[in-house]
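Here is the structure we will look at.
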Amino acid sequence: FPVTISTFNCIGCICFTRYDHVENVRAYLNELQGLSSVQKLLIEKRYGKILDDYEKRALVYSWLYNSIRVILVVGGVVVPALLSVQYMQTGTQESKDNYNGGMTKFEFSIFWSTWVLSVLIGICTSIIAAFKIDKRYYIIHTTLEVMDSEIHQFLGLTGKYGHLSKSKKAPPTIS
């Protein structure tokens, strides 16, 4: 069975998908012959809870990691552009203010915009490094896919569980 997409959230230009691995396990379990409803419920509760937890964590880390990456990429392009614009002569001597060191209002706003954006980029970089968000993002997504693969292989008696199909005590397979 293909992985189904249950929700599609788009925030700005960052798109996230949430896969319902638990729904896939339920669909597999409903097709199994030879298991009692209690056995099916036990498998669903044990495995489903773990999958559901990893799905939620994967969604949170996807949002966090991708949002911070967008800030870093956009900021990395905008800061040099603002720095190059900052020192252009845009006004005459009469339009300069005395309270801000002789800069025009345009130069003054560009200066502080660049400064704030540079600080924001530094904070985002520090957050990613300090909390290891990038590593957690990759580990959680990898673990989720490995767990999904394991249940599919087990229920289908393929891969490393293929030898069980020849056993008399083999778990039931999908018909």
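The values are calculated or read from the model by the stated rules, or taken from the named source; none is laboratory data. What you are looking at is a predicted structure, and each value in this text was computed from that prediction instead of being measured. Don't worry about glycine lacking a Cβ; one is built from the backbone with ideal geometry, like all the others, and counts go over all protein chains shown. Surface areas here come from the heavy atoms of the whole protein model, side chains and all, with no ligands, DNA or RNA. Shrake-Rupley method; radii C 1.70, N 1.55, O 1.52, S 1.80 Å.
Tabulated values for the structure
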| read-out | value |
| --- | --- |
| All positions within the stretch 45-73 that are in contact (Cβ under 8 Å) with a residue 60 or more places away in the chain and of a type in the set (S, T, Y) | Y47, Y54, Y61, S62, Y65 |
| Residues of the stretch 82-95 classified as surrounded by 11 or more Cβ atoms within 10 Å (Cβ to Cβ) and either out of contact with any helix residue (DSSP H, G or I) (no Cβ under 9 Å at 6 or more places or on another chain) or at pLDDT 80 or above (or both), total | 3 |
| Residue match in the stretch 117-132 (condition: out of contact with any Lys or Arg (no Cβ under 6 Å at 6 or more places or on another chain), under 30 Å from Y47 (Cα atoms) and at pLDDT 95 or above) | yes |
| Flag if G101 is open to solvent by less than 50 Å² (accessible area, probe 1.4 Å) and either at pLDDT 95 or above or more than 30 Å from L29 (Cα to Cα) (or both) | no |
| Residues of the stretch 142-167 classified as open to solvent by 60 Å² or more (accessible area, probe 1.4 Å) and in a helix (DSSP H, G or I), total | 9 |
